[in-house]
Amino acid sequence: MLNNPYVPILFMLALGFAFAAGSVGASVLIGPKRYNKAKMLPYECGIQPTPRPEGGGRVPIKYYLTAMLFIIFDVESIFLFPFAVAFNKLGLFALVEMILFVATVFIAYAYVWRRGGLDWV
């Protein structure tokens, strides 16, 4: 059983869960419990919170564009790093595939740019 190569991984996983559970439990047990009115109010960066409509209100499109931009960056990096590592071994077919992939990602960037997702004013 101890010669199994997955034993250290399972041990570290169990240790991580034990540390997380222990930290949460310790904070509940030994943390300060001084509640007052100011701590129970919602915090909105120093301004008074505004009332929201019944349905929760509309979320600006820039929120979704920023999320889409993050996903595009994430997916692009996931696919480009292995390609960069194995570039010499892959050949012309992989180069053409990566050019098509980068072109597709560029279309997504152009969409976000056109919709104003890169304007932070």
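The values are calculated or read from the model by the stated rules, or taken from the named source; none is laboratory data. Not measured: the values here are computed from a predicted model. Cβ atoms come from the backbone with ideal geometry, glycine included; neighbour counts cover every protein chain shown.
Worth pointing out:
- Filter result for the condition that a residue is within 27 Å of the chain's Cα centre (by Cα) and at pLDDT below 95, over P42, P32: P42
- Residue that is surrounded by the fewest Cβ atoms within 10 Å (Cβ to Cβ) [pool: residues in region 74-116 that are within 26 Å of the chain's Cα centre (by Cα) and polar (S, T, N, Q)]: S77
- Selected residue (only one of L15, L69, L2 is modelled with pLDDT of 90 or more and either out of contact with any Phe, Trp or Tyr (no Cβ under 6 Å at 6 or more places or on another chain) or of a type in the set (S, T, N, Q) (or both)): L15
- Pairs are defined by a Cβ separation below 7 Å, a sequence spacing of at least 6 or placement on different chains, a first member in region 56-83 that is touching a residue at least 24 places away in the same chain (Cβ under 8 Å), and a second member that is surrounded by fewer than 11 Cβ atoms within 10 Å (Cβ to Cβ) and not basic (K, R); no pair meets this definition.
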